[in-house]
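Some notes on the structure that comes next.
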Amino acid sequence: MTPLGNPIRWTSASWVAIALLSLYLVRLAGAPLFDVDEGAFAEASREMLTSGDWGHTTLNGADRFDKPIFIYWCQAALMAVFGTHDWVARLPSALAVLAATLGVWRFAAKQWGEAAGQRAAFMLGSSLGLLAIGRAATADGMLNALLIATGLCLWNFASSGSRIALRWAYVWCGLGLLTKGPVAVLIPGVTLLIWSLVTDRGRTALQALWEPKGLLMLLVIAVPWYVYALQRHEMAFVQGFFLKHNVERFTGTLEGHSGNPLYYVMVLPLLLLPWSPWCVRVLGSFRTQWTDPLQRFLWIWVLFVLGFFSLSGTKLPHYMLYGLTPMVLLIVAQSVKNPASNVWQSLLWICTGLTCALAFAVPTIVAWGANTVKDTWVQPLLASAPDGWVVQIAAAGVAIAGVTLAVIRRADAWARLMACVWLVSMLWIGIVIPWLGQVLQAPFQEVATWARQHHPEVRIVQWRMHQPSFAFYLGSPTTNQPPSATDWVIVRHDRVQGLPMNRYETAHSHRGLLLLKPLP
């Protein structure tokens with residue numbers, strides 16, 4: 001304990017922890033919920049809380065089979081405590097990713113030393129991909145955290161034979177099954193299987209399979225809800241969850257999300273920004289790293305995620321996030337053995353600078369889009385964007401601070417680079433993303449809030465649009481259906497075709513979003 005009167009000594013570990021906490025907890029409410037995914041998860045959780053039916057999710061009153069139940073339980077439980085706010089819907093993802101980065105910190109510190117642990121946690125936590133899902137009201141941040149926990153526990157078992165670590169892996173798998181389904185078992189399970197076949201002819205994999213207590217815990221965690229859902233919904237659950245959102249996502253292209261076989265090869269460096277240059281650097285050490293059992297395990301993890309999702313018909317960027325953690329650990333392992341040269345460090349500074357420059361350019365890009373986009377909804381939305389001078393002033397300030405950190409070498413290179421990356425990351429999450437949220441999503445939040453405050457008793461339906469965030473901010477389901485004679489209608493100005501406009505008057509509007517009420 002520090003004696004009374006003595007100044008508290010902040011270690012580098014303290015600063016890394018504060019940096020990570022700020023990246024995931026500051027300004028969670030800065031931007032409105034982004035549609036469709038954030039709005040859908042948040043509204044489904046709000047409806048669960050309102051209905052009191054904690055065994056099933058609905059979206060605007062209709063059955064929702066997209067994901068299992070765990071993320072909705074987390075969101076709804078926190079909403080019961082803190083209220084139905086957008087930041088509350090995002091909080092489970094933020095806490096899960098924070099826990100995962102701390103787990104990676106502890107793991108890397110045990111393998112390569114405390115400095116490596118700090119570096120691994122900060123690199124992972126400040127990467128573009130993890131920041132995106134760790135601050136989003138979706139299931140991906142939670143699943144990624146559970147995959148990290150499962151993978152690291154499996155390695156602890158493979159390297160030490162710890163049955164306790166193996167049982168924890170089963171626990172995390174069970175929660176993963178409740179979060180997003182079979183992928184929670186597939187990725188860590190196949191990784192261990194391939195590693196074991198290559199390393200000890202499958203002996204470790206067989207030992208991992210024979211863990212009755214662990215298997216029992218997995219079954220107790222995951223199976224009851226699946227049995228309940230199957231009994232309650234029968235083939236509708238099988239068709240909606242297993243066939244559509246698992247089998248069809250792999251065998252076909254859902255919702256137009258396709259891509260070429262090299263899609264994830266290009267996505268991985270983007271998700272790892274600003275640390276992407278070290279992806280290339282680590283490739284040069286592949287043969288050396290493959291001879292080390294742990295690094296072989298990490299490479300198999302990365303390559304399986306890359307190969308499996310490359311074969312999938314449906315391609316979404318966040319799928320590759322499930323392989324981001326082992327890549328970061330490989331980079332850290334290499335940096336411990338072979339510290340980066342000035343050239344490689346310079347590339348990291350350049351990437352960080354470009355990320356800051358992009359933030360400065362965002363308002364200009366939006367203004368350019370307002371003059372060139374032909375879409376009759378997007379063009380006026382961009383044209384009516386709030387003034388972007390705050391974004392550009394903040395970006396310029398961060399750029400000056402970054403240049404100062406690069407030039408004045410009063411601290412070691414890693415500390416200065418970490419500080420610069422933190423500043424740029426805070427710029428994006430604290431100013432740029434909230435500004436973009438106001439540009440793209442503010443009409444739905446503003447009109448819904450107005451309707452809830454002034455006319456909470458009316459029933460509102462959506463016309464030719466699917467914006468679940470509107471229902472969340474309204475606090476009531478808004479189905480997409482033809483309106484009855486007494487229904488109010490929310491509609492975009494460019495999609496009023498088919499509505500008998502002579503029967504309505506505008507009750508409220510904001511930037512092209514119209515709230516129509518029936519004429520008396």
**Item:** For segment 1-128: rounded, prolate or oblate by the Cα gyration tensor [a/c cutoff 1.5]
**Value:** prolate
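Hey, got the dipole for the chain? About the Cα centre, +1 on K and R Cβ, -1 on D and E Cβ, debye to the nearest 20? Spell out each step's value before the answer.
Values: 36 positive and 25 negative charges, 251 e Å.
Using only the charged Cβ atoms, the result is roughly 1200 debye.
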**Fill in**
In nm, the gap between the two label points placed 7 Å beyond Cα toward Cβ at T364 and A411 is 3.0 nm
**Message:** Quick check: convex hull over the Cα atoms of the chain, volume per residue in Å³, rounded to an integer?
**Reply:** 185 Å³
**Asked** Order of 54-65, 151-162 by packing, highest average Cβ count within 10 Å first?
**Response** 151-162, 54-65
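Which percentage, to the nearest 5, of the DSSP beta bridges contained in segment 451-518 is antiparallel?
So the antiparallel bridges amount to about 70 percent of the total.
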**Item:** Using θ = phi - 60° and Karplus 6.51 cos²θ - 1.76 cosθ + 1.60, couplings along segment 44-51 (whole Hz; Gly, Pro as x)
**Value:** 4, 5, 4, 5, 4, 5, 5, 6
**Asked** Among S45, S509, which comes first, then next, by fewest other beta-carbon atoms within 10 Å?
**Response** S509, S45
**Efficiency of FRET between F286 and V220 - r from beta-carbon atoms, R0 51 angstrom, step 0.05** = 0.80
**Asked** When the Karplus curve 6.51 cos²θ - 1.76 cosθ + 1.60 is applied with θ = phi - 60°, which whole-Hz ³J(HN,Hα) does each residue of segment 178-186 get, with x for Gly and Pro?
**Response** 7, 9, 8, x, x, 4, 5, 8, 4
**Message:** Using a 7 Å offset from the Cα along the Cα-to-Cβ direction at both T404 and A80, what is the distance between the two label points in nm, to one decimal?
**Reply:** 4.8 nm
**Complete:** For 288-300, 218-230, ranked highest to lowest by mean beta-carbon neighbours within 10 Å, the order is 288-300, 218-230
**Asked** Among rounded, prolate and oblate, which fits segment 451-518 when a ≥ b ≥ c are the square roots of the eigenvalues of its C-alpha gyration tensor, a/c under 1.5 means rounded, and a/b larger than b/c means prolate?
**Response** rounded
**Item:** Neighbour count of at most 15 Cβ within 10 Å plus DSSP loop: longest GluC sites (Glu not before Pro)-free window in the chain
**Value:** 1-233
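For segment 395-474, which trypsin sites (Lys or Arg not before Pro) are both in a DSSP coil and crowded by at most 12 other Cβ atoms within 10 Å?
R409, R410
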**Prompt:** When N is the residue count of segment 53-144, what does its C-alpha Rg come to as a fraction of 2.2 N^0.38 Å?
**Reply:** 1.29
**Asked** By DSSP, what percent of the beta bridges with both residues in the chain are antiparallel, rounded to the nearest 5?
**Response** 75 percent
**Prompt:** For segment 65-339, what is the charge dipole size about the Cα centre, in debye to the nearest 20, if Lys and Arg each add +1 at the Cβ and Asp and Glu each add -1 at the Cβ?
**Reply:** 500 debye
**Item:** Among Q481, L513, I460 the positive-end extreme of the charge dipole of segment 451-518 (Cβ point charges)
**Value:** L513
**Message:** Taking θ = phi - 60°, what integer Hz values does the Karplus form 6.51 cos²θ - 1.76 cosθ + 1.60 yield along segment 501-518, in sequence order, with x for Gly and Pro?
**Reply:** 4, 5, 9, 10, 10, 7, 7, 6, 8, 7, 6, x, 9, 10, 10, 9, 10, x
**Request:** Quote to one decimal, in nm, the extra length available between V227 and S509 on full extension: 0.36 nm per residue of separation minus the C-alpha distance between them.
**Result:** 96.9 nm
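Taking 8 Å as the Cα distance limit and 6 or more residues as the minimum spacing, I'd like the relative contact order of the chain as a percentage. Display every interim value, and only then the final one.
Numbers: 748 pairs, mean separation 83.5, N = 520.
Once divided by the residue count of the chain, the mean separation gives 16 percent.
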**Item:** Under 29 Å, Cα to Cα: Lys pairs in the chain, sequence gap 8 or more or different chains
**Value:** 11
**Asked** How high is the relative contact order of segment 464-520, in percent, counting Cα pairs under 8 Å that sit 6 or more residues apart?
**Response** 32 percent
**Message:** How large are Rg and Dmax for segment 65-339 when calculated on the C-alpha trace, in angstrom?
**Reply:** 18.4, 57
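Any read-out appearing in this document is the output of simple, stated calculations on the displayed coordinates, not a laboratory observation. From a predicted model like this one, the values you see are computed outputs, not experimental measurements. Ideal geometry is used to build each Cβ from the backbone, glycine not excepted, and the neighbour counts take in all protein chains shown.
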